[in-house]
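The values are calculated or read from the model by the stated rules, or taken from the named source; none is laboratory data. Computed from a predicted structure; not experimentally measured. FYI the Cβ positions are ideal-geometry reconstructions off the backbone, even for glycines, and counts take in every protein chain you see. With ligands, DNA and RNA removed, areas are computed over all heavy atoms of the protein, side chains included. Shrake-Rupley method; radii C 1.70, N 1.55, O 1.52, S 1.80 Å.
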Amino acid sequence: LAVGWKPGRRGRTRRGRGGRRRMLLAQVLGKALKAAGPGLASAARLSSRVALRTKYTDSSGYTHFRRRSGLPFPGPSSSSSSSSSSPWNKTYVYVSGLVLAGTSAFYVNNLEVVPYTRRSHFVLMSPEQERRLGSQMYRQFLEQHRSAGRLLPQNHQLARLVRKVGKKIAKETESLSAWGGQVDHMKNIKWEFNVVNSDEVNAFVLPGGKVIVYSGLFKVLKSEDELAMVLAHE
């Protein structure tokens, strides 16, 4: 504005002479912008910088600004005919490569092979973390059902049966390494067995060897072998 506009005697725009008048007008506008506040002054400086940058329009009708030296803006420049060599693109490639390599290494490092089937699966938690989480959930479960009177005592017939069959299966887990795969998380486990007095047909095992069986399961089971099949599956 300070360079390209000069008021005439009757408010018309004229060009040519009048260098002192342009300088005086620039000083007046600068003081006005300063009085208007730093935000307006910053906007004026930014607009003047953008206005001085050359621009071009591509075949699709989009307008692009040519980058200035030292700024990682894509687009044609006087020093390079391709934007692929800009620092921004190089940084993007490097960062993407590092992220991909780190993610791949993390994934491979957390793969585990299942015994017998040799199937690989991705596991985020360590065996220690699993056992801590399983013990916490197990204590909460026992407190909830014990306070409700639904937890059968250890000397109950069903509780003894589950403990008898469950211990046989737990002993066999020590020889799973013969089938191949990773079985370290199955070693040195303190197995515990409990039965909940409920009509629900269900059974599950929490991490760390915490076995829960619902009494409703025995309404559909016909033998110890079928109970062993369910517990071995869990």
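Worth pointing out:
- Test result for residue 186, open to solvent by 30 Å² or more (accessible area, probe 1.4 Å), within 30 Å of residue 108 (Cα to Cα) and in contact with a Ser or Thr (Cβ under 8 Å, 6 or more places away or on another chain): yes
- In this structure, residue 208 does not qualify as touching a strand residue (DSSP E or B) at 6+ places or on another chain (Cβ under 7 Å) and at pLDDT below 95.
- Against the numbered list (1) out of contact with any Lys or Arg (no Cβ under 8 Å at 6 or more places or on another chain); (2) in a helix (DSSP H, G or I); (3) of a type in the set (Asp, Glu); (4) touching a residue at least 12 places away in the same chain (Cβ under 8 Å), residue 200 comes up short only at (2).
- Verdict on residue 142 being in a helix (DSSP H, G or I), of a type outside the set (Ser, Thr, Tyr) and open to solvent by less than 40 Å² (accessible area, probe 1.4 Å): yes
- The residues listed here are 137, 125; of these, the one that is modelled with pLDDT under 90 and either under 19 Å from residue 214 (Cα atoms) or outside any helix (DSSP H, G or I) (or both) is 125.
- Qualifying positions in the range 208-234 - open to solvent by less than 50 Å² (accessible area, probe 1.4 Å) and not in a helix (DSSP H, G or I): 208, 209, 210, 211, 212, 213, 214, 221
- Across the range 112-122, the qualifying residues are those that are assigned to a loop (DSSP other than H, G, I, E, B) and hydroxyl-bearing (Ser, Thr, Tyr), and the one among them that is most open to solvent (accessible area, probe 1.4 Å) is 116.
- Residue match in the range 160-174 (condition: surrounded by fewer than 16 Cβ atoms within 10 Å (Cβ to Cβ), in contact (Cβ under 8 Å) with a residue 40 or more places away in the chain and not in a helix (DSSP H, G or I)): no
- Which listed residue, of 151, 98, 111, 124, is among the aliphatic types (A, V, I, L, M) and in contact (Cβ under 8 Å) with a residue 40 or more places away in the chain: 151
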